[in-house]
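Reading through the structure tokens given below for one structure.
The values are calculated or read from the model by the stated rules, or taken from the named source; none is laboratory data. The shown structure was predicted, so the numbers you read here are calculated from the model rather than taken from an experiment. Here the Cβ positions follow ideal geometry from the backbone for every residue, glycine too, while neighbour counts run over all protein chains shown.
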Amino acid sequence: MSSAKPPKKKLAAPQRTRGGTKPAAKKRAPARKLRGGNAVTRFFWATLSLIWRIIWGVTWRGAATVAFILALATFYFYSTLPPLTQLLDDRAQGSVTMMDRHGEVFAWRGETFGGVITAGTVSPHLKNAIVATEDRRFYWHLGVSPRGIAGAIRSNLAAGRGAFSGAGGSTITQQVAKLLCLGVPYDPETWESEADYEADCRRGTLWRKIKELPYAFALEAKFTKDEILTIYMNRAFLGAGARGFEAAAQRYFGRSANEIGPSESAMLAGLLVAPSYYAPTRNLERAQERAAVVIELMHDQGYLDAHEYAEARAYPATLSNRAEEQQGINFADWLMVDTPAFLTRETTEDVIMRTTFDPRLQAATEAAVAEVFATKVREGSEAEVAVVVMSADGAVRAMVGGRDASVGGFNRAVQAVRQTGSAFKPFLFAAALENGFQPFDIVEDAPLTINIPGSGPWSPRNYDGEFYGFVTLTEALADSLNTPAVRISEAMGRERVREVANAFGLRSELAEGPALALGASESTLLDMTAAYAGILNGGSAVRPYGIEELKLLGDNTPLFGVSTGIGERVISDSSARMLTWMMSRVIEEGTGQRARLPGREAAGKTGTTQAARDAWFIGFTADYVAGVWMGNDDNSPLTGVTGGGLPAEIWRETMLRVHEGLPARPLPMTAPARPQSAPAPQPARPQPQRESPLDDAIRGILGTIFGGN
């Protein structure tokens with residue numbers, strides 16, 4: 001019988017850890033209970049955890065999506081940005097720069113681009129002024145300043161505006177994005193004008209602000225900081241038609257932007273906030289006050305030391321003489337209208353004009369007008385004035401289109417078409433001399449009645465209501481007698497008078513009836529003055545001109561040039577010389593005595609229309625022709641003004657100043673020989689005397705009744 005053996009135990013060495021024998025495994029502890037230990041608490045924390053996970057998931061995914069879209073938009077804009085050189089001048093319209101007869105710039109029209117400047121070559125003061133004023137963190141941010149945007153939003157909301165209306169908090173890079181219109185080119189079929197296009201580009205909507213971000217980032221990625229600043233300095237509008245800081249520096253200070261100092265730089269940088277409002281040509285004191293704010297910023301940010309700061313405050317920037325005077329406004333406006341539109345108002349190129357304008361003569365003319373209106377025109381008078389000064393060949397040297405000139409304003413020298421009155425009579429007598437009449441021929445000044453078909457009888461009268469019997473042609477012109485003028489016109493035929501007047505350049509529709517001889521027709525002062533120039537130059541027609549040479553910027557070959565305005569001969573030289581002598585009698589012994597120039601020969605003619613609505617004096621010396629018109633814009637009668645009064649005095653004051661420093665030269669005239677036989681004795685005719693203001697007032701009242709002189 002055998003006995004069962006117990007099973008053998010498997011021998012195994014105990015497992016050891018690095019520190020000794022491994023302890024026996026313990027039973028897993030039960031899971032920790034959720035906070036609170038009850039179902040409600042567990043549900044609350046579970047829900048909160050879920051919400052957090054959802055928010056976090058949506059947030060980082062949304063942020064990633066926005067970042068991805070922003071990166072794509074940035075890359076797109078980056079790929080569309082052209083080279084730097086193509087971004088410096090992208091004007092759709094060109095500009096017109098006008099130089100006077102001496103080659104100095106006196107006027108600009110359109111948006112002038114003075115030339116490319118760079119952040120590396122421009123005056124460091126200007127560069128610092130721009131950064132200090134517009135974006136003090138420019139060299140540190142990536143194109144957008146969240147701090148600046150937040151501050152702008154707070155300011156706008158505090159002022160009761162929309163979040164993105166008013167202050168924009170834009171960096172210089174964002175402003176460049178606006179100037180580039182986010183890459184949208186100007187399309188004349190979409191916008192009525194370039195101004196509308198730019199206004200649309202500057203709209204501060206939320207969507208446009210959003211689009212600015214990737215464009216600003218693209219600019220920062222494409223260009224260096226100085227290149228972005230270069231675009232800004234060349235594209236910014238700075239008032240008075242100046243596009244870019246170079247054009248503005250030349251316009252306001254007559255210097256390059258590379259050469260200006262702290263005070264001038266501060267004034268230019270101060271324009272950026274409101275160019276038209278702070279333009280120094282509009283209000284210099286206001287521009288200086290704004291510049292003082294910029295100087296403070298430059299000093300606070302360390303761009304000006306104590307000495308530079310004190311000097312800039314003590315000596316604020318001022319305008320150059322040319323910018324301050326703003327001469328030739330009416331002259332420049334005339335050229336802009338008179339020259340083909342594709343070379344002026346609609347030009348896509350930069351046009352350079354060398355003109356006939358003379359700044360000394362313009363200053364003389366303006367001073368004469370101001371003197372007479374200040375000393376001899378009653379206070380509160382609304383009477384207007386126009387003056388034109390030209391050479392005998394039609395080259396216009398000076399022009400006043402009204403008492404207060406403004407760019408684009410009403411230019412009475414070329415736009416006002418008014419009745420000429422007796423200022424027309426020299427062309428009647430020019431026709432008479434060509435038809436064989438002589439200065440000492442006799443004509444009767446007596447009552448005359450002409451039956452006009454459809455209108456009935458018409459009887460001309462002299463301004464004083466008197467008749468003087470038999471008079472010479474010279475006396476009839478000198479004393480501006482009306483009845484003799486009508487008799488001469490009717491004797492020759494009105495058509496002959498009309499032909500001569502037309503040939504001299506008076507091409508507006510001339511009167512058909514007998515009143516043609518008395519200046520019932522209308523004309524502009526410019527055309528009348530040019531017609532008188534035709535008498536001075538020996539009887540040839542004259543076309544007034546103001547451009548001597550016109551070319552495109554950068555081209556050496558002119559598109560066209562004018563050297564004279566003299567055209568075809570109208571009357572013979574001998575007739576012109578005799579007519580000049582007859583017109584000299586107007587000033588020496590006739591109705592124009594108040595226009596006398598001491599020590600200098602002059603010839604001219606007065607003119608006052610019926611009811612004294614227009615008063616003229618036009619005349620010339622051997623050197624210059626000048627025309628003066630006075631009247632009211634609403635065509636109401638003048639009070640106490642005739643052509644021989646205030647217009648003659650303005651003409652005299654103008655010519656005295658115009659001829660300063662010029663030697664006296666004789667007029668090209670021939671005094672005719674007096675006939676041997678004298679006409680039968682006539683009742684004594686009173687000789688016109690130099691008039692006092694009271695005489696002028698009386699003549700004005702008589703002129704209102706009868707017209708003439």
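Here are some notes:
- In summary, helices (runs of 4 or more DSSP H) completely within region 198-268 and bearing 2 or more residues that are within 13 Å of Ile117 (Cβ to Cβ) occur at 225-235, 245-253.
- Ala248 closer than 30 Å to Asp527 by Cα, in contact (Cβ under 8 Å) with a residue 24 or more places away in the chain, among the small types (Gly, Ala, Ser) and in contact with a strand residue (DSSP E or B) (Cβ under 8 Å, 6 or more places away or on another chain): no
- Residue check for Arg494: surrounded by fewer than 24 Cβ atoms within 10 Å (Cβ to Cβ), of a type in the set (Lys, Arg) and under 24 Å from Ala341 (Cβ atoms): no
- Residue that is closer than 19 Å to Arg255 by Cβ and in contact with a helix residue (DSSP H, G or I) (Cβ under 8 Å, 6 or more places away or on another chain), where the choices are Val96, Val105: Val105
- Filter result (at pLDDT 90 or above and of a type in the set (D, E, K, R)) within region 434-465: Glu434, Asp441, Glu444, Asp445
- Ala317 of a type in the set (A, V, I, L, M, F, W, C) and more than 19 Å from the chain's Cα centre (by Cα): yes
- Enumeration of residues in region 452-477 that are in contact with an Asp or Glu (Cβ under 6 Å, 6 or more places away or on another chain) and either of a type in the set (A, V, I, L, M, F, W, C) or over 24 Å from Gly590 (Cα atoms) (or both): Phe467, Phe470, Val471, Leu473
- When region 289-339 is filtered for residues that are within 30 Å of Arg360 (Cα to Cα) and either of a type in the set (Ser, Thr, Tyr) or in a loop (DSSP other than H, G, I, E, B) (or both), the ones remaining, listed by number, are Tyr315, Pro316, Ala317, Thr318, Leu319, Ser320, Gln326, Gln327, Gly328, Thr339.
- Only one of the listed residues (Tyr463, Tyr468) is hydroxyl-bearing (Ser, Thr, Tyr) and either closer than 23 Å to Ser523 by Cα or not assigned by TED's automatic domain parsing to the domain that holds Gly643 (or both). That residue is Tyr463.
- For region 185-194, residues that are surrounded by fewer than 12 Cβ atoms within 10 Å (Cβ to Cβ) and either part of a helix (DSSP H, G or I) or in contact with a Lys or Arg (Cβ under 7 Å, 6 or more places away or on another chain) (or both) total 0.
- Selection of region 203-258 for residues being at positive phi and hydrophobic (A, V, I, L, M, F, W, C) yields only Ala240.
- Residue ID - farthest from Asn537 (Cα to Cα), chosen from residues in region 575-601 that are among the hydrophobic types (A, V, I, L, M, F, W, C) and surrounded by fewer than 24 Cβ atoms within 10 Å (Cβ to Cβ): Leu597
- Any chance Asn451 is within 22 Å of Gly538 (Cβ to Cβ) and free of Cβ contacts under 8 Å to residues at least 12 places away in the same chain: no
- So Ala648, is it aliphatic (A, V, I, L, M), at pLDDT 90 or above and closer than 25 Å to Ser381 by Cβ: yes
- Condition broken by Glu588, with the remaining ones in (1) closer than 22 Å to Glu522 by Cα; (2) among the charged types (D, E, K, R); (3) out of contact with any helix residue (DSSP H, G or I) (no Cβ under 7 Å at 6 or more places or on another chain) satisfied: (1)
- Here Tyr277 does not fit the description of being touching a Phe, Trp or Tyr at 6+ places or on another chain (Cβ under 7 Å), modelled with pLDDT under 95 and either assigned to a helix (DSSP H, G or I) or more than 22 Å from Thr173 (Cβ to Cβ) (or both).
- Close pairs (6 angstrom Cβ cut-off, 6 or more residues apart or separate chains): more than 21 Å from Gln415 (Cα to Cα) in region 334-357, of a type outside the set (D, E, K, R) and modelled with pLDDT of 90 or more anywhere: Glu349/Leu552; Val351/Val96; Val351/Leu343; Ile352/Thr97; Met353/Met98; Met353/Ile547; Met353/Leu550; Arg354/Met99
- Filter result (assigned to a loop (DSSP other than H, G, I, E, B) and surrounded by fewer than 24 Cβ atoms within 10 Å (Cβ to Cβ)) within region 603-623: Arg613, Thr621, Ala622, Asp623
- Looking at Ala332, Ala341, just one residue is under 21 Å from Phe560 (Cα atoms), under 16 Å from the mean Cα position of the chain (by Cα), buried (at least 20 other Cβ atoms within 10 Å of the Cβ) and among the small types (Gly, Ala, Ser), and that residue is Ala332.
- Check on Met578, modelled with pLDDT of 95 or more and either of a type in the set (Phe, Trp, Tyr) or touching a strand residue (DSSP E or B) at 6+ places or on another chain (Cβ under 9 Å) (or both): no
- Output for region 105-136, where each listed residue is farther than 18 Å from Gly554 by Cβ, modelled with pLDDT under 90 and of a type in the set (D, E, K, R): Arg109
- Flag for Thr74 being in contact (Cβ under 8 Å) with a residue 24 or more places away in the chain, among the hydroxyl-bearing types (Ser, Thr, Tyr) and assigned to a loop (DSSP other than H, G, I, E, B): no
- Taken together, the criteria place Arg101 among residues that are surrounded by 14 or more Cβ atoms within 10 Å (Cβ to Cβ), assigned to a loop (DSSP other than H, G, I, E, B) and at pLDDT 90 or above.
- Residue selected from region 72-86 under the condition of a type in the set (A, V, I, L, M) and surrounded by 13 or more Cβ atoms within 10 Å (Cβ to Cβ), by the criterion farthest from Val176 (Cα to Cα): Ala73
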